[in-house]
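Here's the structure we're looking at; comments come further down.
Bear in mind that the values in this text are calculations on the coordinates, not laboratory data. Note that the structure is a prediction, hence the values are computed from the model and not measured. Counting neighbours? That spans all protein chains shown, and the Cβs are built from the backbone with ideal geometry, glycine included.
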Amino acid sequence: MKKDLHPKVYETQVRCACGYEFVTRTAIGPELGIEICSHCHPFFTGEQRFIDSAGRIDRFRKKYAGLNK
């Protein structure tokens with residue numbers, strides 16, 4: 001095999017926004033922050049949650065609040 005052909009692989013500590021942490025191997029780096037993981041994703045949990053980081057849901061509800069009348 002040729003030298004310096006493959007990327008360096010790190011033991012990576014992955015931290016999710018929900019607080020879950022796990023260790024895996026990647027070529028990205030020693031630490032990685034993610035917004036959603038298998039412990040908080042609706043497909044894996046079976047429940048629907050809205051992650052609203054920019055207030056989009058509140059702005060939508062405020063804008064169209066009068067249409068239900």
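222 nm [θ] for the chain, helices only, -39500 (n - 2.57) per DSSP H run of 4+, per residue, to 500?
Values: 2 runs with 12 residues, N = 69.
About -4000 deg cm²/dmol.
How charged is the neighbourhood of Val14? Take every other residue with its Cβ under 13 Å from the Cβ of Val14, and add Lys/Arg as +1 and Asp/Glu as -1.
Working: positive: Arg15, Arg25; negative: Glu11, Glu21, Glu31, Glu35.
Result for the neighbourhood of Val14: -2.
Please report the orientation-averaged projected area of the chain, defined via the convex hull of its C-alpha atoms, in nm². Mind dumping the intermediate values first?
On the way: hull surface 31.6 nm².
Mean orientational projected area (the chain, Cα hull): 7.9 nm².
Using a Förster radius of 25 Å, what is the FRET efficiency between Thr12 and Thr45 based on their Cβ-Cβ separation? Nearest 0.05, please.
Details: r = 23 Å, r/R0 = 0.94.
With R0 = 25 Å, the Cβ-Cβ based efficiency is 0.60.
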